[in-house]
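**Q** The following block contains the structure, expressed as structure tokens.
The values are calculated or read from the model by the stated rules, or taken from the named source; none is laboratory data. Just so you know, these numbers come straight off a predicted model, no measurement behind them. Note that each Cβ is placed from the backbone with ideal geometry, even for glycine, and that neighbours are counted across all protein chains shown.
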Amino acid sequence: MNEIVVRLRDSAATAWRAGTDPGQITALQAVLTRVGAELKPQHPGALDPELQSWFTISTESPERAEEIAESLRSLDAVEAAYVQPRSSPA
């Protein structure tokens with residue numbers, strides 16, 4: 001499984017969690033729908049606003065993961081999006 005780590009801008013993360021301010025998240029939702037991805041909180045239940053801005057997306061293909069991350073990086077609501085490197089055995 002490949003994981004994409006996504007950091008939303010604070011205002012976009014707040015709008016995403018609350019389901020408000022469609023102007024902030026319309027383009028983000030459109031990309032997620034187009035690529036068939038689901039944004040999940042990286043730190044569910046966290047109260048710290050900094051931690052609430054981090055999300056993950058899981059996908060099977062490494063190529064697809066890179067494609068999704070690239071699409072997300074083009075959005076104003078997204079501060080960062082990258083494919084989490086796989087850990088290597090010790």
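**Q** Assess whether Glu38 counts as being outside any loop (DSSP other than H, G, I, E, B) and exposed (fewer than 14 other Cβ atoms within 10 Å of the Cβ).
**A** Details: outside any loop (DSSP other than H, G, I, E, B): no; exposed (fewer than 14 other Cβ atoms within 10 Å of the Cβ): yes.
No.
**Q** Could you list all residues from segment 41-61 that are in contact with a strand residue (DSSP E or B) (Cβ under 8 Å, 6 or more places away or on another chain), surrounded by 12 or more Cβ atoms within 10 Å (Cβ to Cβ) and either assigned to a strand (DSSP E or B) or of a type outside the set (S, T, N, Q) (or both)? Can you show your working first?
**A** Residues of segment 41-61 that are in contact with a strand residue (DSSP E or B) (Cβ under 8 Å, 6 or more places away or on another chain), as a first pass: 41-43, 52-61.
So of that shortlist, the ones also surrounded by 12 or more Cβ atoms within 10 Å (Cβ to Cβ) come out as 41-43, 52-59.
Matches in segment 41-61: Pro41, His43, Trp54, Phe55, Thr56, Ile57, Ser58, Thr59.
**Q** Among the residues of segment 1-32, write down those that are surrounded by fewer than 10 Cβ atoms within 10 Å (Cβ to Cβ) and either within 13 Å of the chain's Cα centre (by Cα) or under 12 Å from Asp76 (Cα atoms) (or both).
**A** Listed by number, the list is empty, since nothing qualifies.
**Q** With Ala27, Ala12, Ala90 as the choices, which residue is modelled with pLDDT under 95 and either in a loop (DSSP other than H, G, I, E, B) or not hydrophobic (A, V, I, L, M, F, W, C) (or both)? Give the derivation first.
**A** Values: Ala27 fails: either in a loop (DSSP other than H, G, I, E, B) or not hydrophobic (A, V, I, L, M, F, W, C) (or both); Ala12 fails: either in a loop (DSSP other than H, G, I, E, B) or not hydrophobic (A, V, I, L, M, F, W, C) (or both).
Step by step, each of Ala27, Ala12, Ala90 is checked, and only Ala90 is modelled with pLDDT under 95 and either in a loop (DSSP other than H, G, I, E, B) or not hydrophobic (A, V, I, L, M, F, W, C) (or both).
**Q** A further question on this structure: So which residues in segment 45-73 are within 13 Å of Leu32 (Cα to Cα) and without any contact (Cβ under 8 Å) to a residue 24 or more places away in the chain, if there are any at all? Explain how you work it out, then say what you get.
**A** Kept after step one, since they are within 13 Å of Leu32 (Cα to Cα), are these residues of segment 45-73: 55-59, 64-65, 67-73.
Glu70, Arg73 - these are the residues of segment 45-73 that are within 13 Å of Leu32 (Cα to Cα) and without any contact (Cβ under 8 Å) to a residue 24 or more places away in the chain.
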